[in-house]
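Since every read-out is calculated from the coordinates, none of them should be taken as a lab result. Remember, it's a predicted structure, so these values are computed and weren't measured experimentally. Here the Cβ positions follow ideal geometry from the backbone for every residue, glycine too, while neighbour counts run over all protein chains shown.
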Amino acid sequence: MLKHRARILAVDAGGTMTDTFIVDELGRFVVGKAQTTPENESIGLIKSAEDALCQWDTTTKEAFPHIVAGIYSGTTMLNRLLSRQGLRVGVIVSKGQEDYFLLERGVQTYLGFSYADRLHVVTHHHNDPIVPGRRVRGVFGRIDVFGEEVLPLQEGDARDMVRQLLDEGIEALCVCLLHSYRNPSHEQRIDQIAGELMDERGMNIPVFLSSEYYPVRNDFPRLNTTVIEAYAAQPSRAQLQLVTKRFRECNGKFETRVMASHGGTVGIDTKELARTLISGPIGGVLGARYLARAIGSDDVVCTDIGGTSFDLALVTGGDYAVKPYPDLARFLLCIPMIQIDSVGAGTGSFLRINPGSGRIEIGPDSAGARIGVCWPEGEVTTPTITDCSVALGILDPDYFLGGEIKLDRDRALAAIKDQLADPLHIDVYKAAEGIIELFEENLKGYVASAVLSKGYAPSNYVLLSYGGGGPVHVAGYTKGLDFQDILVPAWAAGFSAYGCACGDFEYRYEATTDLPVPPGSDDDWKVALCTMLNMHCEGLKAKIVAEFEKTTHGSESIEYKTFFRIQYMGQLNDLEIRSPSDRLETARDLDDLLQSFEETYGRVYARAAKSPELGFAITQAIVTGRVDVEKPRLPDETPAGPTPPEAAFKGERKVYWKGEWRIARILDMEALESGNIVEGLAIMESPATTFVIPPGATAELDSHRLFHLRFHQNERDH
Amino acid sequence: MTTYDKKTLENLWEGNLSSGELRPIQSQFKDQDRFWKFLEYCQERVGWSDRILLPLQPHLFVVQKPDGRRVNKCDCGFEFGDYRQNWKLEAQVFVRDTDETLQEIYPPMMHCDPEWMVLREFYCPGCYSLLEVETVPPCYPIIHDFKPDLETFYREWLGKEFK
């Protein structure tokens, strides 16, 4: 076997385990694991990399010099926020607004709750404030929505408040005043005052101005994001520097980048580190986009079933949708994030009979990592979807996670019988099959509505299924939807980490513009608008250039994309539109932009709903800048013919299917060769997932080790 | 079926659960055995042996006396008489109907106008626990909060014949 030459290193530092994913120049990879060491992450990280590299008989010292890209994603920042162990932050807001963290705009008391609980008001509760009331001060002074000064900043007042906060022993100061994204002068003045006071005391603590970090409309998300930048992201900076230092000590010369929520990776010296707060599920979407491109498609539905949830993201025309105001850990934020819709329906979702209606309910809560009743060590007493799969013979109780965990089928059967089948007076297998059918029908509903609500049809898309539970149910939740193609990577397990390695080196910045285009605007006004929009974009480009100049890439090779968020004047929701031209020059360019908005609007809502009578508002300008970095290659194998090799057959198993016991062939997913075609009913197993091919369907493994699931013509429509 | 151990129910009753522990209980289907477990818990806590038939509200229970009478009883042991009678008629009453008495519990200008509304506090004559507060216009008749139909409740809601 050829000696492996490591090229890309992707690290996922979770709360308990740090996973490392190393790719060589042929796209082959290894995964390593080690315990996370929160006090100095670099220790666990290097251990994990060594664990991976020893599978290739090499060491970090030997392999690191060849690595060209290192991507880090982790949950430590998020954990710091969740466990409320961040810096001691002081906050200055506009007078009268001091109770932001107590009121939480109401909405933060139920963010992330299931629909049932949102209606069930008694369950709503306030979060522990990340900054207690005594460290939040208001100062007099007001800028209005147009950026005009209505009340000058009362400097004496500001001085007093900063002094009081410094007396509280704060470690960082955040300033977030109303409408500062329009006119930052008051915030900047407070910054100066704070600087003077700190000089007097001979101290130096960082000051975070919302207008400098996240200059967008919506004061509460802006405040939250600025405070989180100080509270949770600032301490991570030191950690990341330690990590880079360790890489250097191991002779790694590569640049370390961090996965950011907008779907690109950013340098560790980036100013706005809170953008990297969440990265976990994003990897999968990036990986899916990369895969789809490789096989020549720009429109993908990414679906991922884990233990707790079903996550769905759309890539349309090569771009994913971005949410400008996402919520995370019960905070409203203003960092752009890839839109991933998540519903509480995973393989660990609990199954219960609603005592009120006598019907089966799936979730929304789940056993998560505790699998289900079938795993005695998990001490779960309520049956889950996995219990049903085990009961029906779809999952092998002796080969869960490659046999690492032994499941007890009888326990699962007993629980389903006692708690579900008997109360419904039906046979236990019928009950289990019915539940799985219901589960997959629900998922099919989510998939269909996600695609249709964007104004497309499934036939416009390729569907990709990954995650531990995706391939088990993919046939069930796609049948009859008529996707162009249904893909399951044969290496579904490491898919998220793989995706992280596929991330572009990309920064994304946005600025609130709020420019009106009244109906019947003349060309002069349109040209003036173009000039103003260009000014905003130039400002954003300057930010991107500044970030890239901190890296070895410099600013020459940056590829920019410009987007605008536009809405009909007077409406509340805007849409993100890719600008047809890189630079808006003429009235014609602006018309093209508005035209493209109208087309998108007509597709997403309805053509008849277009309402240009009052004109348009261009609410936000967005610029992304990326440079080329090395990405993992797709595996590329020579086709070996349609018949699977003898070694791939593991045997046969009885599976309950459509009311009868049938014999299913069991295959080893890893032993299949490219070109192999598998007819249903068959079950393919790998340590990380199980791929079910129903009767009347086939799966073909292509040269990139992607399965294509196809239904026979007469099976398609029912 | 949802079910909780007695310790959890005790903590729930005492208000010792964190919001993280409390929310799943609020979100899930009601535990079907709650009534019996809670009854058992109440019986253990009180210092007398009459059988509790129904917890009425904090401190108060409907109990079965050995001679067959069913009475309202405070956890201190004071008995208010037949459970179909309004126990408030046997309680000690303190009426807050002046600015002075209302301001003992409210800041000035934050309380009701005593000409329009008064507070009536009912105390147990045995242990002086505050049992109930009525907010009513002056002279309003004493409210009979709850007159349980024990037979029907046991038979149709708990599915058990009432003896």
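Quick look at the numbers
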{"quantity": "Cβ-based exposure ranking for B:M110, A:M259, A:M337, A:M535, in which fewest neighbours within 10 Å come first", "calculated": "B:M110, A:M535, A:M337, A:M259"}
{"quantity": "Order of B:Y83, A:Y466, A:Y456 under a 10 Å beta carbon neighbour criterion, fewest first", "calculated": "A:Y456, B:Y83, A:Y466"}
{"quantity": "Within straight-line cross-link reach of B:K88, lysines at Cα separation under 25 Å, skipping those fewer than 8 residues along the same chain", "calculated": "B:K65, B:K73, B:K147"}
{"quantity": "Computed Kirkwood radius, in angstrom, where 1/r is averaged over Cα pairs of segment A:62-203", "calculated": "18.0"}
{"quantity": "Cα-Cα P(r), the protein assembly as shown, percent of pairs per 10 Å interval", "calculated": "2, 10, 17, 20, 19, 15, 10, 6, 2, 0"}
{"quantity": "Ranked A:M532, A:M669, criterion: other C-beta atoms within 10 Å, fewest first", "calculated": "A:M532, A:M669"}
{"quantity": "Between 0 and 90°, nearest 10: helix A:587-604 axis offset from chain A longest Cα axis", "calculated": "40"}
{"quantity": "Highest to lowest packing among A:327-334, A:344-351, A:240-247, scored as the average C-beta count within 10 Å", "calculated": "A:344-351, A:327-334, A:240-247"}
{"quantity": "Candidate lysines - alpha carbon under 17 Å from A:K543, same-chain residues fewer than 8 apart omitted", "calculated": "A:K271, A:K561"}
{"quantity": "Number of partner chain Cβ atoms within 10 Å, mean per residue of A:33-45", "calculated": "0"}
{"quantity": "Cα centroid separation, segment A:385-418 to segment B:99-136 (Å)", "calculated": "61"}
{"quantity": "For segment A:16-25, Karplus couplings with θ = phi - 60° (6.51, -1.76, 1.60), whole Hz, Gly/Pro x", "calculated": "10, 10, 9, 9, 10, 10, 10, 10, 9, 5"}
{"quantity": "With Cα atoms, 0 to 90° folded angle of helix A:185-201 axis to chain A main axis", "calculated": "80"}
{"quantity": "In nm, spacing of pseudo-spin labels at B:F162 and B:W116 (7 Å Cα→C-beta vector)", "calculated": "4.1"}
{"quantity": "Pairs beyond 32 Å (Cα-Cα), from A:K444/A:K654; B:K7/B:K160; A:K658/B:K160", "calculated": "A:K658/B:K160"}
{"quantity": "Placed amide H near A:G615: partners under 5 Å, 5+ positions off or other chain", "calculated": "A:M569"}
{"quantity": "Sparse-neighbour loop sites [trypsin sites (Lys or Arg not before Pro); segment A:609-687; at most 16 other C-beta within 10 Å; DSSP]", "calculated": "A:K610, A:R633, A:K658"}
{"quantity": "C-alpha long axis of helix A:155-167 to longest principal axis of chain A, angle in °", "calculated": "50"}
{"quantity": "Karplus-derived 3J(HN,Hα), 6.51/-1.76/1.60, for each residue of segment B:88-97, Hz, glycine and proline x", "calculated": "4, 5, 9, 8, 7, 10, 10, 9, 9, 10"}
{"quantity": "Hull shadow area, averaged, segment B:1-45 [alpha-carbon convex hull, nm²]", "calculated": "3.0"}
{"quantity": "Inter-chain shielding of A:112-118 (mean C-beta neighbours from other protein chains, 10 Å cut-off)", "calculated": "1"}
{"quantity": "Set of lysines with alpha-carbon distance to A:K245 below 18 Å, sequence-local pairs under 8 removed", "calculated": "A:K47, A:K61, A:K253, A:K550"}
{"quantity": "Chain lengthening between A:Y605 and A:N251 when straightened (0.36 nm per residue, less Cα-Cα)", "calculated": "122.0 nm"}
{"quantity": "Farthest toward positive dipole pole in the protein assembly as shown [+1 Lys/Arg, -1 Asp/Glu at C-beta], among A:M198, A:P215, A:V629", "calculated": "A:V629"}
{"quantity": "Net +/- balance of residues flanking A:C374 in space, Cβ distance below 11 Å, scoring K and R +1, D and E -1", "calculated": "0"}
{"quantity": "Ordering of B:37-45, A:539-547 by burial proxy (mean other Cβ atoms within 10 Å per residue, highest first)", "calculated": "A:539-547, B:37-45"}
{"quantity": "Whole-Å distance, taken between Cα centres, linking segment A:36-96 and segment A:245-302", "calculated": "14"}
{"quantity": "Highest average packing first - A:27-34, A:50-57, Cβ atoms within 10 Å", "calculated": "A:27-34, A:50-57"}
{"quantity": "Amide H partners (placed H, <5 Å) of A:Q620, local residues excluded", "calculated": "A:T513, A:D514, A:R565"}
{"quantity": "Options A:T381, A:S261, A:G363, ranked by Cα towards positive dipole end of chain A, top entry (Cβ charges)", "calculated": "A:T381"}
{"quantity": "Environment charge at A:H120 (Cβ cut-off 15 Å; Lys +1, Arg +1, Asp -1, Glu -1)", "calculated": "0"}
{"quantity": "Number of partner chain Cβ atoms within 10 Å, mean per residue of A:123-135", "calculated": "1"}
